[in-house]
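Following: one structure in structure tokens, then a few remarks.
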Amino acid sequence: MTFTGSKFLSTKFLTTGILAAGLALGACGEGSGAATPEGGGKHPLVGNPAPSFEVDSLNGQGKVSFDKWKGKVVYVDFWATWCEPCKKSFPKIQELYTKYKGQVEVVGISEDDESSGIKEFGEQFGAKFPLGWDKGKEIAGKWQPKSMPASFVVDKQGVVRFVHLGYHDGEEAEIEKEIKSLL
């Protein structure tokens, strides 16, 4: 079968569009990986000091400075407004934030290309924890989130102990267990 002219171009664009959509969904990472526990070797930050960062909160929490949280367990979540699993994970992260407030610090770092919509996303999905925007992707360059969402559990000494790539239903129980082990 031979395609000519516009039929060929239509088929080519359709195939390219389907491939691009598949890659975008795969990058979002739903169920793409369980925890990468310390020593698991799947993420280079596990067992190493967490990179410091400072970011303005877009939902009224002021400036967020990772260095101010030394001595506390910290949960850092990289996410984006276009990420479907992020919509599921935000309410669960909020539950952990509420339950462990004062013992665990939580911050969501948006990897969106623009800051518009970040605050509204947080409101829609119940986030009361600080939400920052990684303008220029400098923070992501240091933390290396390999999918969206990507979350990092950091111990009181500032060392990354657990990494979660993607999100699947029920994963919050595993994350809570990890957090409790570090308190």
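Comparison of Gly136, Gly102 shows that the only residue that is on the phi > 0 side of the Ramachandran plot and in a loop (DSSP other than H, G, I, E, B) is Gly102. Can Glu123 be described as outside any loop (DSSP other than H, G, I, E, B) and either of a type in the set (Phe, Trp, Tyr) or out of contact with any Phe, Trp or Tyr (no Cβ under 8 Å at 6 or more places or on another chain) (or both)? Here the answer is yes, as Glu123 does meet what is asked. Taken together, Ser181, Ser116, Ser147 contain a single residue that is surrounded by 15 or more Cβ atoms within 10 Å (Cβ to Cβ) and of a type in the set (Ser, Thr, Tyr), which is Ser147. Sub-6 Å Cβ pairs linking a first residue in the stretch 76-101 that is over 24 Å from Leu45 (Cα atoms) to a second residue that is among the small types (Gly, Ala, Ser) and buried (at least 20 other Cβ atoms within 10 Å of the Cβ), at least 6 apart or interchain, are Gln94/Ala127, ordered by first then second residue. All conditions but one from (1) modelled with pLDDT under 95; (2) surrounded by fewer than 17 Cβ atoms within 10 Å (Cβ to Cβ) apply to Trp82; the one that does not is (1).
The values are calculated or read from the model by the stated rules, or taken from the named source; none is laboratory data. The structure displayed is predicted, hence computed values, not measured ones. With ideal geometry, Cβ positions are generated from the backbone for all residues, glycine too; neighbour counts draw on all protein chains shown.
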